[in-house]
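Here is the structure we will look at.
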Amino acid sequence: MIKQEQIISELRSRFPDFAEKINEHAEYYEEILLHVLFGDFTRFVITKYQNEEIPDVKKALEFIEEMLGSEDEYVDELAHVSFLENLHQADSDYRALIQLLGDEGKRRMEIIDPETGDLKEGEIKMVDEETDINLPPESDEN
């Protein structure tokens with residue numbers, strides 16, 4: 001399980017080519033603003049996809065899936081709000097990236113508008129009581 005205090009070290013160790021962006025972020029803001037940094041991480045993953053670096057994309061999306069399953073409420077929210085809700089920035093690559101997400105990521109994407117990244121109106125099915133994140137119902141397909 002990934003905890004909030006482990007996120008930066010996990011990013012640095014799993015994605016060494018993102019470390020420079022972390023350093024730039026820390027220098028610019030004089031601290032690490034994780035939600036802002038994860039907007040950058042989203043764009044990093046989108047660029048990897050556009051450069052056809054698919055193994056790196058899959059590795060990043062597996063990391064996001066781990067975060068979505070975290071018992072640490074902040075970590076789960078960070079992945080949902082600052083990564084999934086920013087994937088619309090992938091434009092024409094949006095749907096392909098969604099297909100590479102794990103089951104939980106795909107389930108959560110059902111309620112996110114692909115053009116704006118906002119939650120779809122009228123599509124909110126429930127709220128996860130632990131994280132206060134709006135979620136669609138779990139599928140009976142499993």
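The values are calculated or read from the model by the stated rules, or taken from the named source; none is laboratory data. Note that the coordinates shown come from a computational prediction; the quantities given were computed from them, not determined experimentally. Methodologically, a virtual Cβ is constructed for each residue, glycine included, from the backbone with ideal geometry; neighbour enumeration extends over all protein chains shown.
Values computed for the structure shown
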read-out: Single condition L37 does not satisfy, out of (1) touching a Phe, Trp or Tyr at 6+ places or on another chain (Cβ under 8 Å); (2) closer than 19 Å to S13 by Cα; value: (1)
read-out: Filter result (of a type in the set (D, E) and surrounded by 13 or more Cβ atoms within 10 Å (Cβ to Cβ)) within segment 1-49; value: E10, D40
read-out: Count - residues of segment 26-46 that are part of a helix (DSSP H, G or I) and more than 20 Å from L84 (Cβ to Cβ); value: 4
read-out: Residues of segment 67-112 satisfying the condition of being within 23 Å of L33 (Cα to Cα), of a type in the set (G, A, S) and not in a helix (DSSP H, G or I); value: G69, S70
read-out: Subset of segment 50-92 that is of a type in the set (G, A, S) and surrounded by fewer than 17 Cβ atoms within 10 Å (Cβ to Cβ) - its residue that is modelled with the lowest pLDDT; value: G69
